[in-house]
Every structure is written in C-alpha cells, then in structure tokens.
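Only one structure is covered here, and it is reproduced in the block below.
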C-alpha cells in the first residue's frame, strides 16, 4: 500500500466524565475539583469512591451516542459521513449488561429477559458509531486493556497516514462500574478506600470511573479546505506489549520505555523537546513508582500531571480522556494540576497548581494489564 503520509490533525473532541463535558471537565480540573464521590450501588458490596456520571451506572450505548454527538458538533460535521472511518475501543464493552443477564438467569428470572444479544458484543461502541455515521469505510474496535484509548487513536492515525481515509472518528468509551469489575479489583487489593491521589506518598489505589472521549481526525488538507479549527496534530505513537505479568509492570528492560522511544522516533523529536507528560497516574503503588522511574530516566525536568484524581480511572477510555485534556492544555497554554496530590513521593516536576506554559509537544502514557503499553505525542 502506498504510504502517502498525510499530516493528521484533531478538529473535534467529544468527552464525558464524572465532571461533565470537555469544557466542564477541563475547567473543574483547573479549579482542583474532583468528581469522585462515595457510592453504595450494589447490596453485596461495600461503598466505594467512584467517578460516576449520574447516580446510577451509565449505559454504554447512551454514553457512546452522547460523546459522538458532541464530537461531531464540535467539528461542525453532520451525518451522513459515508467515507469516515471509525476506531472506537472499550476494554469492558457490554460486560455490565452480561452481568445483569447472568444474575437474572441465576435468580430464575430468565423468562423476563428482553435483549438482543447481537447488541452486547465488545465492539458495540464502534458499531453504534459506524451505524450513526452511515459509513462504508473501515470500522475497527481495538481492545488493549487500559491502553485501548491510545491504541484507537494510533489506528485512526494509521488509516489517515496510509491514505485509507481522509477522516476518522477515533476514541474509547467505558462504563466499568459493575459488581464483577469492582470485586475483581478488590481481590487484587487495587481499589482505594477514600480517593485517588496520583504520585502521593499516601496513595491508596485506583478509583473506577465512567466516561470516554472521541476525536475527529482529519488530514491537514481536509481541515484547511473546511477552514475549521485545529486542536493539534498527532505526531507519533508507540505501542508495545511485554506480557510480563497479568497486572504488574515490567520494571527491568521493560517495553514501556521502548514505547516512549518509538513515539519520539516516529515524531522526529528528542526527549528535551517534550514540554508536558500526561501520566497514566493510576494512584496504585506499582504503577506510580514505575512511571516515576521512567520519567526520571528519560525526561528529568518535564512537567507532569495525571487527571485520574479528578475523573477516576476509566480503564480503556483513560488514554482517550488524557489525550483530550492534553490537547486542551496545549490550546490554552496551561499546565493542569494533578488533582488529589498532597504529599509528592517522587523527585518529579509534578504540576500542583495551574500554570501558564508554552506547550509545543506533549506526551500521554497508558499502561494496561498484561503489559500493554501505549504512548502518543500531540503537537501544535
């Protein structure tokens, strides 16, 4: 296939988190606000701090449609978009629906089941998006644990760079708050009891959150013809997997560092040219220590923050949300604070108060279970 190498720019963003839309999430983070609250949702489980959009768990179909509509509106696009590619991922997909079905069967309520199982596959957000756009272009649904969001952006980038599409809707959506997901993370001793405090000496663990983000990616030529706004350019990415452990990162000769180096090489950038790193920042003991070591080794003085203290950990959607907030930081030339951080454990330049800065190149990390590593660079 001919490699035409189009520049790939972001012309629209849709985002939903426990803090609200893209604009409200961004402004809340600048005010050091968190959307995490204590919730008792399931009688068989204790109360947990969670990043909930509403008082009850969201439905992935509804959330997908809302984020998609916001992204299209932001980019000033209307359906049908028959030649627009789709790359929308989710690490949990419709798991919550399947849990409800299994519970009804277990409780001998299967006679009351009323659902179309074809609408509950893991690729449902991508199918919803493709159907709404009425597209005949490629429709993809990557799944790479917590690295899913950046994987989706990387695949959308590739579709455009290789000339397969001139426009792609890429991103990830997650509605992970269900009894099984909570119980699984509890069994791993990964859940926090009070809140999420990335890089804090007294961090407790992660807080599950709902949400997602979608991006309208276009060739720079198409964006120029449309005379539309541009948030920034996707410069390059790195994707690796070490399969070292089901949940723990590989800290010696790890492939996370290789993903960072790949993204720099593909972007023709040196580490010193990165102005800001949006860390994965899950607030778990192992992840934060691993990330701190990576940053200290590769970017000794770079500004760092994580948004999970404000939004919770949206699993597969977290990389997409991180990238959206990084583009907002670039647009406003403002470094966002690491919400929740009070007692920094590591020798890092972690942002604790919003501060003005010229951000020409920024990097986002996503590191998932199973050794999935995804890194993306966005530039002015």
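Say we join alpha carbon atoms closer than 10 Å with springs in a Gaussian network model of the chain; which of 293, 31, 44 then has the biggest fluctuation?
Highest fluctuation among the options: 44.
Relative contact order of the chain: what whole-number percent is it, with Cα pairs under 8 angstrom and at least 6 residues apart?
Relative CO of the chain lands at 25 percent.
Dividing the Cα convex hull volume of segment 236-343 by residue count, how many Å³ per residue is that?
116 Å³
For a distance above 28 Å, tell me the whole-number percent of Cα pairs in the chain that qualify.
40 percent
With 10 angstrom as the radius, rank 105, 298 by how many other C-beta atoms surround their C-beta, starting from the fewest.
105, 298
For segment 193-295, how big is the tail of P(r) above 18 Å, as a whole percent of Cα pairs?
64 percent
With the chain treated as a Gaussian network of Cα nodes joined by springs under 10 Å, which of 344, 180, 133 yields the largest mean-square fluctuation?
Taking springs between Cα atoms under 10 Å, the residue moving most is 180.
In the calculated pair distance distribution of segment 43-199, what percentage of Cα-Cα distances lie above 24 Å?
For segment 43-199, the fraction of Cα-Cα distances above 24 Å is 43 percent.
Take segment 1-80, compute every pairwise Cα distance, and split them into 5 Å bins from 0; I just need the percent in each bin.
Result, from short to long distances: 3, 12, 16, 16, 16, 13, 9, 6, 5, 2, 2, 0 percent.
Starting with the fewest neighbours, write out 55, 263, 90, 306 ranked by other beta-carbon atoms found within 10 Å of each beta-carbon.
55, 263, 90, 306
Please identify, among 135, 311, 25, the residue showing maximal mean-square fluctuation in a Gaussian network model of the chain using a 10 angstrom Cα cutoff.
Between 135, 311, 25, it is 135 that shows the largest mean-square fluctuation.
Just to confirm my numbers, what's the Cα centroid distance between segment 253-274 and segment 292-333 in Å?
Here the answer is 16 Å between Cα centres.
Could you list 151, 117, 26, 98 so that the one with the fewest beta carbons within 10 Å of its beta carbon is first and the one with the most is last?
Listing 151, 117, 26, 98 from fewest to most nearby Cβ atoms yields 117, 98, 26, 151.
Please state, rounded to one decimal and in Å, the Kirkwood hydrodynamic radius that segment 28-68 gives when every pair of distinct Cα atoms enters the mean of 1/r.
This gives a value of 12.1 Å.
Cα-based Rg of segment 293-380 per 2.2 N^0.38 Å, rounded to two decimals?
In units of the 2.2 N^0.38 Å rule of thumb, it is 1.06.
Using the Kirkwood radius over C-alpha pairs as Rh, can you work out the diffusion coefficient of segment 117-263 via Stokes-Einstein at 20 °C, viscosity 1.002 mPa s, in µm² per second?
In µm²/s, the coefficient rounds to 118.
Which FRET efficiency value, to the nearest 0.05, do you get for residue 41 and residue 296 by plugging their Cβ-Cβ distance into 1/(1 + (r/R0)^6) with R0 = 45 Å?
In this case the efficiency is close to 0.70.
Which whole-number percent is the relative contact order of segment 1-115 (Cα, under 8 Å, 6+ apart)?
Relative contact order for segment 1-115 comes out at 25 percent.
Figure the gain on full extension for residue 106 and residue 230 (residue separation times 0.36 nm, minus the Cα-Cα span) and round it to one decimal in nm.
39.5 nm
Throughout, read-outs are computed from the coordinates displayed, never taken from laboratory work. Nothing here was measured: the structure is a model prediction, and the numbers come from that model. A quick note on method: Cβ atoms are made from the backbone with ideal geometry, for glycine too, and the neighbour counts reach across all protein chains shown.
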